[in-house]
Amino acid sequence: MTFRLFAVTVPGLEPITRQELAALGIKSVGSITSQTTSGEPRDEADGVEFEASLTDLYRANLYLRTSNRILARFGQFYAAAFSELRKKASRLPWEQHLRPGQPVALRVTCHKSRLYHSGGVAERIAGAISDRLGKPTPQVKFDETATQPPQLIIVRLVHDQCSISIDTSGALLHRRGYRLETAKAPLRETLAAGMLLASGWDTASPLIDPFCGSGTIPIEAAMLARCIPPGLQRRFAFMDWPHYDAQVWQTIRKEAKKNILPACPAVILASDRDEGAVRIARTNAERAGVVDDIQFACQAFSAIQPPVTTGWVITNPPYGVRVSSTKDLRNLYTHLGDVLRDLCPNWHAGILCSDDILAGHTRIACTQKIPLVNGGINVKFFCGIV
């Protein structure tokens, strides 16, 4: 069986997700952006489309570090009336993904369509599933924070064209299972992994995060360097599908475990001046199984002690939007640049910041600038050589 899949990712990280898929031997076939060519907004986040077997569907969920969710394209048809919507949706092979009477969460968006009432559309889709499976299908609310949320079905109506996708992931893929505590302004795991991959870090050279917060960047770095798949310790929605192949999944997990390195090949230094944040970071690293791969310290960024060999500084310093919004951070960024030039000459630097001017105060020549979104805030990942 071949699936048409869509890896939802942070806008700006699509090329990195494509690279991840290619590394898995999976070829992407297209992408979706936040706007159509006519400028109309889409109701679906950015990402990369690809075709895959059932085995590759499992592998993509297990290995992709920069994807938030993987959707399976399930059906597409024209519908301009509720009766037509229910009739055509009932023809889809829902039994491939649902059991009779299984609760579902429906996420519906309508744009420039005769059927514009999302609640009415959800009701007809649930009715269509009931028609097909022969038992009433309860609708429940999708809880993003649940460890095992209900099966999510995404329905989009645009110009009377209905497209239906089935979520294969369950809880968002950034939820690796290790970060139960966070410091201020936490960075999502998928974004941290994307920063590391976009920076070109070779996983063997030293890496420093002098504003580590709850430890997301160094933990993701250690997992990347040791080849620990991000989804190794969690459940996925596809495990509840009627034709879930547990034997195939266990074979994939067994192979993944064989490839994990016993120790991190790189020196990873993580520090923060907030003692509570460092405590949280160390605890999260313990849950991730990489605490011995990271050297934690409670200190100001000016106190870092880099190894002799050159490496990478990848960090998410305060940028005045979510933390210390009333504080002028220009001096901090100027000082950061001075410290890096003094202690880390010729190192690679990757800094996440919301403001070009603020980042410019480091006086680090930018060779790459990637627009991203962090917690709903437009930011940029500035890369350069110190």
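The values are calculated or read from the model by the stated rules, or taken from the named source; none is laboratory data. From a predicted model like this one, the values you see are computed outputs, not experimental measurements. For neighbour counting, all protein chains shown are included, and Cβ atoms are generated from backbone atoms with ideal geometry for every residue, glycine included. Note: accessible area is taken over every heavy atom of the protein model, side chains too, but ligands, DNA and RNA are not part of it. Shrake-Rupley method; radii C 1.70, N 1.55, O 1.52, S 1.80 Å.
Once segment 204-213 is narrowed to residues that are outside any loop (DSSP other than H, G, I, E, B) and of a type in the set (A, V, I, L, M), the residue that is surrounded by the fewest Cβ atoms within 10 Å (Cβ to Cβ) is Ile208.
Looking across segment 5-32, the residues that are surrounded by fewer than 16 Cβ atoms within 10 Å (Cβ to Cβ) and part of a strand (DSSP E or B) come down to Val29, Gly30. Flag not set for Pro262, criterion: surrounded by 17 or more Cβ atoms within 10 Å (Cβ to Cβ) and in a loop (DSSP other than H, G, I, E, B). Tallying residues that are closer than 30 Å to Gln76 by Cβ, surrounded by fewer than 21 Cβ atoms within 10 Å (Cβ to Cβ) and among the β-branched types (Val, Ile, Thr) within segment 165-203 yields 0. On inspection, Leu172 qualifies as of a type outside the set (Phe, Trp, Tyr), assigned to a loop (DSSP other than H, G, I, E, B) and under 17 Å from Ser67 (Cα atoms). When residues in segment 286-324 are screened for being in contact with an Asp or Glu (Cβ under 8 Å, 6 or more places away or on another chain), at pLDDT 95 or above and of a type outside the set (S, T, N, Q), 3 of them pass. A residue that is open to solvent by 60 Å² or more (accessible area, probe 1.4 Å), within 27 Å of the chain's Cα centre (by Cα), modelled with pLDDT of 95 or more and more than 20 Å from Met239 (Cβ to Cβ) can be found somewhere in segment 120-141.
Scanning segment 152-172 for any residue that is of a type in the set (S, T, N, Q) and modelled with pLDDT under 95 turns up nothing.
Restricting Arg99, Arg91, Arg73 to those that are touching a Phe, Trp or Tyr at 6+ places or on another chain (Cβ under 8 Å), open to solvent by 40 Å² or more (accessible area, probe 1.4 Å) and outside any helix (DSSP H, G or I) reduces the list to Arg73. Looking only at segment 276-305, residues that are surrounded by fewer than 23 Cβ atoms within 10 Å (Cβ to Cβ) and part of a strand (DSSP E or B) come to 4 in all. Identify the residue in segment 214-259 that is closer than 17 Å to Arg59 by Cβ, of a type in the set (D, E, K, R) and touching a Leu at 6+ places or on another chain (Cβ under 8 Å) and, among all such residues, is least open to solvent (accessible area, probe 1.4 Å). Top of the filtered list is Arg253. In summary, strands (runs of 3 or more DSSP E) completely within segment 306-386 and bearing 3 or more residues that are open to solvent by 20 Å² or more (accessible area, probe 1.4 Å) and over 18 Å from Pro210 (Cβ atoms) occur at 366-374, 377-385.
Per the listing Glu84, Glu123, Glu144, the residue uniquely over 22 Å from His243 (Cα atoms) and assigned to a loop (DSSP other than H, G, I, E, B) is Glu144.
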